[in-house]
Amino acid sequence: MQWASLYSDQRSTDTDNTTSRDELRTSFIKDYDRIIFSSAFRRLQNKTQVFPLPGPAFVHNRLTHSLEVASVGRSLGTAVGRIIAKKYEQQQGQAFASFYRHELSSVISSACLAHDIGNPPFGHSGEDAIRSYFTSLDSATQSIFTGGMSANQWADFTHFEGNSNAFRILTHPFAEERTAYNITQTTLASIVKYPCRSIDGFDKNAGIIGKKKSGFFDSESGNWQAIAQQLGIFKQPGFETEEVYVRHPFVYLTEAADDICYRVIDIEDAHRLGILSYQEVAALFLPFFDDDTAYQNRERIQGKLDGLIDPNQKVQYLRAVWISRMVGLCTTAFIAHEAVLLQGNLQESLIDVLPHQYLPLLKAIDQLSYERIYQHRTVVEIEIAGFEVIGNLLDIFVRALLNPEAARSRKVLQLIPAQFSLNGSKQNSLYQRVQAVTDFISGMTDIYAIDLYRKITGITIKAF
């Protein structure tokens, strides 16, 4: 791959492909605006990040998390873009330098903004609930599905993935949206962390970072192939018989922004909820500054902390300086691995290739987060609730789909909005009909899913 061919303002459809000189917004800024004003993005406000919503103390939801990731992504894009522009400007020209100096930050920020847009209700447990539902179906029902769709299409449900769903939301023209979001191919490519089909992914033993999960459903495979061809993204060497591609280099910046943010904001939320003490938080993050003799050194940071009284403000300050530190480290790591990135051979995240002295510190954050946060009772309770609500909603709608003429089924199917194209279901394939159900349920907020579950199971009946 070449830096000069890895970007284009070509959109996912042929319409609206030019930017007038008089326009205030470039194509890549338009990407950001289209995502942030979308209903799918707004729904992230009522989707769980880690801790249940709402609570007595304000904690992050998927929307606030995505906004913060976009902010960090913008910083990474700016830092990396300036270096690439300066290094190759004479060789590649002004247009090349202008993109990397001024536009890459918008691309990464937009990709970060949309990185969780495909997540179902209840966080990652929602993904697990969807997968578990389809893999746990009785053999007779499974045979109906496997006999009515391809193996890869069936894998889209048994290995349902929020990343693939995000790509679908951004590229699939749902009934009321003729051109979908019409995002630039550059921004779309920057979102696809796992550029492979469901049937080819979820292989953590292959040693290929792009095969750990999946990045697009069977229904959007053609969209991905068009992007790969346009931007010069090639198939993963050694896996040519599968639909597995190397990552676009910009993906590593999107991923790094998310990796930075969730590590620190989950800790910050746990502190606000009284799960972690300030001393425990400080012990995790201050060691990252031990070897810094410049402006951000531990002595200066400790002095600033000593001048603050409120523990919450202390944690906020630690969060700010730690994010700044990590942005600098990840920028350096990206540039240091430039050749490997362009070859498609970097099989680790930027966080994982930081200098060796930081790796045990990151591992300590991850270990404490797992033991004290992700296994906390309130988190486990919401995960169990997610399995119960999502699993039962799926069962109600999928059973109705398989027996659409039954009186109850007709009523159930009426609840699916027209935008998911289920009406006139006989004209759609079985795969498309089941996708309509997963589109509907995965797009719900936590609150809406709980409310609908209570209503259609008779737990809550609205008084007339």
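Nothing in this text is a laboratory measurement; each read-out follows from the coordinates by a stated rule. All figures in this text were calculated on a predicted structure; none of them were measured in a lab.
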Practice problem: Using only C-alpha atoms and all pairs of different ones, pull out the Kirkwood radius for the chain in Å with one decimal. | Solution: 23.5 Å
Quiz item: Dividing the Cα convex hull volume of region 157-302 by residue count, how many Å³ per residue is that?
Solution: 198 Å³
Quiz item: So which lysines can K411 reach, going by Cα to Cα under 20 Å and dropping same-chain residues fewer than 8 places off?
Solution: K426, K455, K462
Practice problem: Average the reciprocal distances over every distinct pair of alpha-carbons in region 334-464, invert the result, and give the Kirkwood radius in Å. | Solution: 18.9 Å
Quiz item: Helix by helix, which DSSP H runs in the chain go 20 Å or more along their axis at the Cα atoms and have an average Kyte-Doolittle hydropathy of 0.5 or more?
Solution: 377-402
Self-check item: Members of K30/K87; K87/K193; K87/K235; K47/K213; K193/K314 lying beyond 30 Å, as alpha-carbon distances in this model show
Solution: K193/K314
Self-check item: Sequence-distant aspartates and glutamates (8 or more away, or on other chains) whose Cα lies within less than 18 Å of K86
Solution: E103, E338
